[in-house]
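Data first, discussion second: the structure below is written as structure tokens.
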Amino acid sequence: MRGARGEGRGAREVQGSKSKRGDRCSANVSAALVKALLLVVLLASPTFAYLKLGVHIGDQTIALRWQELPVRYFVSDQGVPGVTPTDLDGAVQRAARAWEDVPTASITFARAGFTASLPGEEDGMSTLGFEDRPELERVLGATSITVDTVTGEILEADIFFNAAFPWTTASGGEPGRFDLESIALHELGHLTGLSHSALGETELVHGGGRRVLGAGAVMFPIAFSPGNIDGRRPMADDIAGLSDLYPAGDFRRRTGSVSGRITKDGRGVFGAHVTAFNLRTRQLVGNFSLSDDGGFVIAGVDAGPCLLRVEPLDDGDLDSFFDETDRVDVDFLAAVHTKLANVQAGSDTGEIRISVRAR
Ligand SMILES: [Zn+2]
């Protein structure tokens, strides 16, 4: 992935830019009830099965989450060349519906109408709209969140799409223009509390940056190239993450989890990307080892035999995933676990140990 991001861990980047890295600010979370220095962190605890946005409260970390559903949002009445406010509204509605259509998750949205206020204003209204931010050369969009720092409840979340880029809402996409619906889907994922997924493959582009070759999650931090509309539907990993945050029905009983430890030379590996591929349903989901002893958990896994693979995080900037990037170990060879994990509905596999070798 490429470098600079704007505000928001939520930022989605554009590929191929030559700008240098830097300019990252962590998600704009403002403390609504408590005046305190607040950081948005990725929940680095093995009890969390997917990367989510969270806040530190004392020595605890709490996942950010909407308590009151539906999430009521406004759409800015400002268009950009090629996209009218009505086009923007339609793209956001389709993206919101795509998340709502996840049968195992309870998230719902309610469109409150157009507004003249801008995303980023802390006004009690969750607003999505364009903003001209040419200085954010690699940021297509970003999400900022206001939370109750006692409970982790999300009170307001704003999404901006960077008007400095060419956009389209054409049903089949448009050459040279970014698909607004795909980026809205990604940012709305952040708005629900999801962080990034590492399920994607990129290649380095001559002159800087990375190009996405394929993604196994719309929450992969790097966007597809202009003209591409492949990112309009949540994938298995996004579905599992959202369902873990907002479980509906018998999601917990119908799925199982894989847990274990990644070690290198007998010591735990932090930040190893672990994926589970279900050979029966072809579901592909992933998470990271999130403790110093290398512990990982992947929840929402379909019952059946799963192939486990461990790899270093090398298809994206570490800071798209972790606050404390120096804790992340990327110095090991990818490995496939020699035994299939037998996942059973409603239960955990028990600790699976996978050792990797230094590279
Ligand atoms: Zn993002």
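Could you check, for the range 330-338, whether at least one of its residues is among the aromatic types (Phe, Trp, Tyr) and under 20 Å from the mean Cα position of the chain (by Cα)?
At the first step, the residues of the range 330-338 found to be among the aromatic types (Phe, Trp, Tyr) are 332.
Next cut, under 20 Å from the mean Cα position of the chain (by Cα) only: none.
There is no residue in the range 330-338 that is among the aromatic types (Phe, Trp, Tyr) and under 20 Å from the mean Cα position of the chain (by Cα).
Filtering the range 309-326 to residues that are surrounded by 13 or more Cβ atoms within 10 Å (Cβ to Cβ) and either modelled with pLDDT of 95 or more or over 20 Å from the mean Cα position of the chain (by Cα) (or both) leaves Arg309, Val310, Glu311, Pro312.
Given the criteria in the same structural domain as Val102 (by TED's automatic domain parsing), touching a helix residue (DSSP H, G or I) at 6+ places or on another chain (Cβ under 7 Å) and more than 11 Å from the ligand (Cβ to nearest atom), does Gly193 qualify?
yes
Within the range 258-279, the set of residues being surrounded by fewer than 23 Cβ atoms within 10 Å (Cβ to Cβ), in contact with an Asp or Glu (Cβ under 7 Å, 6 or more places away or on another chain) and farther than 13 Å from Asp329 by Cα comprises Ser259, Arg261, Asn278. Might you let me know whether the range 197-206 holds any residue that is part of a loop (DSSP other than H, G, I, E, B) and touching a helix residue (DSSP H, G or I) at 6+ places or on another chain (Cβ under 7 Å)? Checked against the condition, which is being part of a loop (DSSP other than H, G, I, E, B) and touching a helix residue (DSSP H, G or I) at 6+ places or on another chain (Cβ under 7 Å), the range 197-206 yields at least one hit. Among the numbered conditions (1) at pLDDT 95 or above; (2) touching a Gly at 6+ places or on another chain (Cβ under 9 Å), the only one that Gly214 does not meet is (1).
The values are calculated or read from the model by the stated rules, or taken from the named source; none is laboratory data. Given the structure is predicted, the values throughout are model-derived calculations rather than measurements. Neighbour counts are summed over all protein chains in view; Cβ atoms, including those assigned to glycine, are modelled from backbone coordinates with ideal geometry.
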